[in-house]
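A short worksheet on the structure shown next.
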Amino acid sequence: QAKTLGRSRYEFFNVELRMRLQRRLRLEQDLRDAVRRGRLWAAYQPVVDLRTNETVAVEGLLRWTHPVHGPVSPTEFIPMAEESDLINLLGAHVLRETTKEVAARRADGIDVDLKINLSTRQLDDASLVLAIEAALASTGLPPSALCLEITESALMRDAALAGETLAALRNLGVRLAIDDFGTGYSSLAQLHKLTLDTLKIDRSFVTGLGESADAEAIVTSIIAMAHAVNLTVVAEGVETEKQLEVLKALDCDQAQGYYFGKPQPAHKLWP
Ligand code: C2E
Ligand code: MG
Ligand code: MG
Ligand code: MG
């Protein structure tokens, strides 16, 4: 009895695993194809200054509409790309497209900075610094208007490796941000050593504001800590007026979230 049960369970997992592997292999192939054909594009989400209520920056977020499956989330295809060389192609694409777009908007008088996400696999790539320099030079975007976001968990995992490239990037004059803060395990000392400019509080803590005393206590201490080492604090995932009120009361500098605007194609954000 136990044996047949064990066997059928094994076959069930076997079938499911095979299906997952097949979807994944196919997606990976399709992603490679999409990169080659230029089918990936960036959506832009406003980042708002909480003192002036003005949009001071936009975050460029990669989008992929699969011809059969429809939109595939970056939380699915970025990790996939990170396991191969694809991440460097994707990264180069986002860099070129978004710097070009934002530089053009700035020339039209829309005074916003650009934030893009970097995977630590890209910090590995010797040509990253050159690619960024080239993108800035060819678009005329000032280095100080570009902010590179790296997630806390990735930074802590690859801290040693990241150090040198981050120093080179800082020398270019671009800004650096730690993304999804609170989900990793960095210490104040580590943060200080990285000499970042911005800290983004992960959405999971922002969601509970106004409802959970714990969330408020955590956000309060993150903001105090960040300000103590002169970091600008951005709250991610603000969806309600209540969350916004709490963040203002806690002296948070900037915020981003569906309350202000969802990520959109450039022509919708700036018609
Ligand atoms: P992230 O950098 O932390 O970006 C914020 C994510 O939260 C985005 O998800 C955004 O659409 C979502 N978001 C913003 N406001 C709200 C809100 O009010 N409520 C909710 N529920 N969600 C909100 P998205 O676009 O799916 O991207 C997911 C992650 O994928 C990003 O997280 C980033 O880590 C990664 N990613 C996206 N584009 C790139 C890229 O070009 N390169 C790299 N390396 N990673 C990227
Ligand atoms: Mg980000
Ligand atoms: Mg984030
Ligand atoms: Mg996040």
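Name the residue that is farthest from residue 130 (Cα to Cα), counting only residues in the range 155-181 that are surrounded by 21 or more Cβ atoms within 10 Å (Cβ to Cβ) and within 16 Å of ligand 4 (Cβ to nearest atom).
For the range 155-181, the residue satisfying everything is 181.
Name the residues in the range 231-251 that are within 20 Å of residue 183 (Cα to Cα) and either part of a helix (DSSP H, G or I) or within 16 Å of ligand 4 (Cβ to nearest atom) (or both), would you?
Within the range 231-251, 233, 234, 235, 236, 237, 238, 239, 243, 247 meet the criteria.
Within the range 229-242, track down each residue that is within 18 Å of residue 152 (Cα to Cα) and surrounded by fewer than 15 Cβ atoms within 10 Å (Cβ to Cβ).
229, 230
Could you list, in sequence order, all residues of the range 128-167 that are more than 24 Å from residue 201 (Cβ to Cβ), part of a helix (DSSP H, G or I) and away from ligand 1 (no atom under 16 Å from the Cβ)?
129, 130, 133, 134, 136, 137, 138, 139, 143, 160, 164, 167, listed by residue number.
So, of the residues in the range 177-230 that are polar (S, T, N, Q), farther than 19 Å from residue 251 by Cα and in a loop (DSSP other than H, G, I, E, B), which turns out to be modelled with the lowest pLDDT?
So the residue we want is 187.
With the condition being closer than 24 Å to residue 135 by Cα, I'd like the strands (runs of 3 or more DSSP E) fully within the range 5-124 carrying at least 2 qualifying residues.
40-49, 55-66, 113-117
Just for the range 196-214: of the residues that are polar (S, T, N, Q) and within 16 Å of ligand 3 (Cβ to nearest atom), which one is surrounded by the most Cβ atoms within 10 Å (Cβ to Cβ)?
Out of the qualifying residues, it is 198.
What about residue 146, is it closer than 27 Å to residue 164 by Cα, in contact (Cβ under 8 Å) with a residue 12 or more places away in the chain and within 16 Å of ligand 4 (Cβ to nearest atom)?
The answer is no for residue 146.
Taking the options 42, 131, 103, 81, name whichever one is farther than 30 Å from residue 249 by Cα, touching a residue at least 60 places away in the same chain (Cβ under 8 Å), more than 16 Å from ligand 4 (Cβ to nearest atom) and crowded, with 16+ Cβ neighbours inside 10 Å.
42
Search the range 168-182 for residues that are within 18 Å of residue 143 (Cα to Cα) and pair each with any residue that is of a type in the set (Lys, Arg) and not in a helix (DSSP H, G or I) when their beta-carbon atoms are under 8 Å apart and the residues are at least 6 apart or on different chains.
Between residues of the range 168-182 that are within 18 Å of residue 143 (Cα to Cα) and residues that are of a type in the set (Lys, Arg) and not in a helix (DSSP H, G or I), the close pairs are 177/115; 177/200; 178/200.
On the given criteria, is residue 216 in contact with a helix residue (DSSP H, G or I) (Cβ under 8 Å, 6 or more places away or on another chain), among the charged types (D, E, K, R) and within 16 Å of ligand 4 (Cβ to nearest atom)?
No; evaluated as a whole, the condition is false for this residue.
Identify, please: which residue in the range 141-154 is more than 16 Å from residue 129 (Cβ to Cβ) and touching a strand residue (DSSP E or B) at 6+ places or on another chain (Cβ under 6 Å) and is, among those, farthest from ligand 2 (Cβ to nearest atom)?
For the range 141-154, the residue satisfying everything is 145.
The values are calculated or read from the model by the stated rules, or taken from the named source; none is laboratory data. Keep in mind the model is a prediction, meaning the values are calculated, not measured. Virtual Cβ from ideal backbone geometry, glycine too; neighbours counted across all protein chains shown.
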